[in-house]
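Asker: Once you've had a glance at the structure underneath, I'll fire off some questions.
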Amino acid sequence: MLKHLSENLLNHIFIGYLEFVDKTSSIRINSKDLITKDQMIGYWHGDSYPMQLILKHISKPSKNINVIVTADTRGNYIEKILNHYDAIALRLPDGFHMKPFLKHLKIESQKENLILACALDGPIGPLHEAKKLLFLLSKESNKPLLYFHFKYSAAIRLTKRWDNYVIPLPFTKITATVEELGVITPEYLREFHSKKHELIF
């Protein structure tokens, strides 16, 4: 009971703070017109918190957005924020449950009018070391992959965390730049080790 109340309180704090940042800050999405209804969206794990604000700004009109998040306690908080912004959390399990989840994810990614988002270096890093998951799903679903990277005029960075987690401050300027990597090809995946180092952060 106390744990549930504590989680609810923290969820209200996290969402309330994001709303305050949203109302007091300048949020710009460069190349926003690239965002449609059948895509993959990748971003760095450290930008997960402000990425929720971007989801708020792109979830309308009628964009269905699913976000892959961890199945642990952290994922509980992320899921509540995503639900607040009309997105759905897909909880990434560990161990024996991983294989059936990946099959489900492949089917889910191929649905029409669906955006699937994921932290490229999540859930445990290393920092800015992209994993293949979203790239493989782009190839399998024949949907283009969009890559988001951020700049902040003022923010707190939790440098003791592996992801340098970013908390934007109120009255700041947040710029999200969208780059289209296109539908990922088998050739791209064969060169993935070198290609992933071309991503800006």
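The values are calculated or read from the model by the stated rules, or taken from the named source; none is laboratory data. Since the structure is predicted, the reported quantities are computational estimates derived from the model, not experimental observations. Please note: Cβ atoms are built from the backbone with ideal geometry, for glycine as well, and neighbour counts cover all protein chains shown.
Asker: Can you tell me which residues in segment 156-187 are among the hydrophobic types (A, V, I, L, M, F, W, C) and surrounded by fewer than 18 Cβ atoms within 10 Å (Cβ to Cβ)?
Answerer: Across segment 156-187, the qualifying residues are ILE156, LEU158, TRP162, ILE167, LEU169, PHE171, VAL183.
Asker: Got a number for residues in segment 92-132 being over 16 Å from the mean Cα position of the chain (by Cα), among the basic types (Lys, Arg) and under 22 Å from TYR188 (Cβ atoms)?
Answerer: Of the residues in that region, 1 qualify.
Asker: Condition (residue is in contact with a Pro (Cβ under 7 Å, 6 or more places away or on another chain) and at pLDDT below 90) applied to segment 46-65: is it met by at least one residue?
Answerer: no
Asker: Scan ASN66, ASN8, ASN30, ASN83 and give me the residue that is surrounded by fewer than 16 Cβ atoms within 10 Å (Cβ to Cβ) and under 14 Å from the mean Cα position of the chain (by Cα).
Answerer: ASN83
Asker: Continuing with this model, one more query. Filter segment 11-27 down to residues that are in a helix (DSSP H, G or I) and surrounded by 14 or more Cβ atoms within 10 Å (Cβ to Cβ) and give me whichever is modelled with the lowest pLDDT. Talk me through it step by step, then tell me what you get.
Answerer: Just the residues of segment 11-27 that are in a helix (DSSP H, G or I), to begin with: 11-24.
Add one more test, that the residue is surrounded by 14 or more Cβ atoms within 10 Å (Cβ to Cβ), and what stays is 11, 14-15, 17-18, 21-22.
Details: ASN11: 87, PHE14: 91, ILE15: 93, TYR17: 95, LEU18: 94, VAL21: 96, ASP22: 95.
Only one residue fits best here, namely ASN11.
Asker: Further question on the same structure: I'm checking my understanding of the structure. Among residues of segment 188-201 that are surrounded by 13 or more Cβ atoms within 10 Å (Cβ to Cβ) and more than 18 Å from the chain's Cα centre (by Cα), which one is nearest to ILE29 (Cα to Cα)? Spell out how you get there, then give the answer.
Answerer: Within segment 188-201, the first condition is being surrounded by 13 or more Cβ atoms within 10 Å (Cβ to Cβ), and the residues that meet it are 188-189, 192, 195-196, 199, 201.
Checking which are more than 18 Å from the chain's Cα centre (by Cα) leaves us with 188-189, 192, 195.
Working: TYR188: 26, LEU189: 28, PHE192: 27, LYS195: 24 Å.
Out of the qualifying residues, it is LYS195.
Asker: Report whether or not LEU169 is of a type outside the set (Phe, Trp, Tyr) and over 23 Å from ASN11 (Cβ atoms).
Answerer: No.
Asker: Quick one: count up the residues across segment 88-102 that are in contact with a helix residue (DSSP H, G or I) (Cβ under 9 Å, 6 or more places away or on another chain) and either surrounded by fewer than 18 Cβ atoms within 10 Å (Cβ to Cβ) or at pLDDT 90 or above (or both).
Answerer: Qualifying residue count, segment 88-102: 6.
Asker: Count, please, the residues in segment 33-47 that happen to be under 23 Å from ASP121 (Cα atoms) and either without any contact (Cβ under 8 Å) to a residue 40 or more places away in the chain or buried (at least 21 other Cβ atoms within 10 Å of the Cβ) (or both).
Answerer: The number of residues fulfilling the criteria is 9.
Asker: Which ones in segment 82-130 are closer than 17 Å to LYS63 by Cβ and in contact (Cβ under 8 Å) with a residue 60 or more places away in the chain?
Answerer: HIS84, SER109, GLU112, ASN113, LEU114, ILE115, LEU116, ALA117, CYS118
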